[in-house]
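Inspection log for the structure reproduced underneath, given as structure tokens.
The values are calculated or read from the model by the stated rules, or taken from the named source; none is laboratory data. It should be emphasised that the depicted structure is a prediction, and the values quoted were computed from it without experimental measurement. Ideal geometry is used to build each Cβ from the backbone, glycine not excepted, and the neighbour counts take in all protein chains shown. Accessible surface is based on the protein model in full, side chains and every heavy atom, while ligands, DNA and RNA are left aside. Shrake-Rupley method; radii C 1.70, N 1.55, O 1.52, S 1.80 Å.
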Amino acid sequence: MAERLGAGEWTYDVNVDWAKIPDEIVLGDCAAVGVDSRGNVYAFNRGEHPVAVFDNDGNLLRTWGEGLFTRPHGVHVAPDDTIWLTDDGDHTVRHCTLDGKVLLTIGIPGKPAPFMSGEPFHRCTHTALSPDGSHLYISDGYGNARVHKFTPDGKLLYSWGESGTDPGQFNIAHNICVDPDGWVYVADRENHRVQIFDGDGNWETQWNYLHRPNGMCLGHGPNPLCYIGEGGPAGAINRDWPNIGARVSVHTTKNHELLARLGKPHAGIAPGQFTSPHGIAVDQRGNIYVGELSCRSWSRFSNDPVPAKRRVIHRLEKVAA
């Protein structure tokens, strides 16, 4: 019997072997996940084949991006079934077709803006479009504390944010989403919160009671749910503490009601445990796809070597109520 997480309407079976990867294909830690309109899943990973495309049954359809990306970090699948890929090692965002043709590159490959200058980009992290597709928002999170607003053809309109802990300030702007009403959600990871802005960067509110929000995505429909991959302890001092991650949590967007927390009390690599749910996506059926940085994160929880066979991407399958 599959490992089961959650309860009631928010019950999921854990399928850690969902992705069927041939022996000759080597994939690395999965930094981000996206799902297209056909239910195909895109695993943006740090291996030899940066974009791995799976069908809904987990069969590997194709890979692409070999030699193009430096350090995969973010995926945004647009409504027109194109894909925006954020590379924090290359300081760029690339707009691509679903078979890998590059349509646009924003940023200068390999040339970061000065550290904390506020200019794009210094290790940008994620990308999201406005509901009507007229604006593009990019979180610039590791060497900047900014959100940049662009036109979809790459023209910078303006930016907001600075380093700090006050409203509108960031301590690693790690992920970004935009809901159907145009509100911009920013996972402010090391401030343990999600901040919400209007489309012009004016602070509206924030969600607390999160632990290092890493992955973040919105579900489907006019009132989508928000799915957040919460990272575990960042250091050894509290790595054995329970109930602080790593986990996946499900929230309403209207009033930030917590609907479910999915994961075991401690981080780990057994089914139902997470090490670092860094990328997250949801399909039309409500299944959750989780990409993890297992290789990088496992040392925080164990002195043993990283297991030879680790999960690249796995699926939490929604159980019918």
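A few remarks follow.
- Residue count for segment 146-173 under the criterion of being outside any loop (DSSP other than H, G, I, E, B) and touching a residue at least 24 places away in the same chain (Cβ under 8 Å): the result is 14.
- Candidate set: segment 241-270, residues that are open to solvent by 20 Å² or more (accessible area, probe 1.4 Å), of a type outside the set (Lys, Arg) and not in a loop (DSSP other than H, G, I, E, B); chosen: the one nearest to His192 (Cα to Cα): Leu258
- Counting the residues of segment 65-117 that are assigned to a strand (DSSP E or B) and either crowded, with 19+ Cβ neighbours inside 10 Å or in contact with a Cys (Cβ under 8 Å, 6 or more places away or on another chain) (or both) gives 20.
- When the residues of segment 11-30 are filtered to those that are assigned to a loop (DSSP other than H, G, I, E, B) and closer than 20 Å to Phe69 by Cα, the one that is most open to solvent (accessible area, probe 1.4 Å) is Val26.
- Considering residues of segment 219-234 that are of a type outside the set (S, T, N, Q) and open to solvent by 30 Å² or more (accessible area, probe 1.4 Å) only, the residue farthest from Ala78 (Cα to Cα): Ala234
Table: residues versus (1) closer than 13 Å to Arg315 by Cα; (2) in contact (Cβ under 8 Å) with a residue 60 or more places away in the chain.
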residue: Asn15; (1), (2): yes, yes
residue: Trp18; (1), (2): yes, yes
residue: Pro22; (1), (2): no, no
residue: Ala32; (1), (2): no, yes
residue: Ser37; (1), (2): no, no
residue: Glu48; (1), (2): no, no
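- Segment 186-240, residues that are of a type in the set (D, E, K, R), within 13 Å of Asn175 (Cβ to Cβ) and not in a strand (DSSP E or B): Arg189, Glu190, Arg212
- Screening His126 with (1) touching a Pro at 6+ places or on another chain (Cβ under 8 Å); (2) under 27 Å from Glu66 (Cα atoms); (3) open to solvent by 10 Å² or more (accessible area, probe 1.4 Å) gives one miss only, at (1).
- Per-region count, segment 50-64, residues buried (at least 19 other Cβ atoms within 10 Å of the Cβ) and in a loop (DSSP other than H, G, I, E, B): 1
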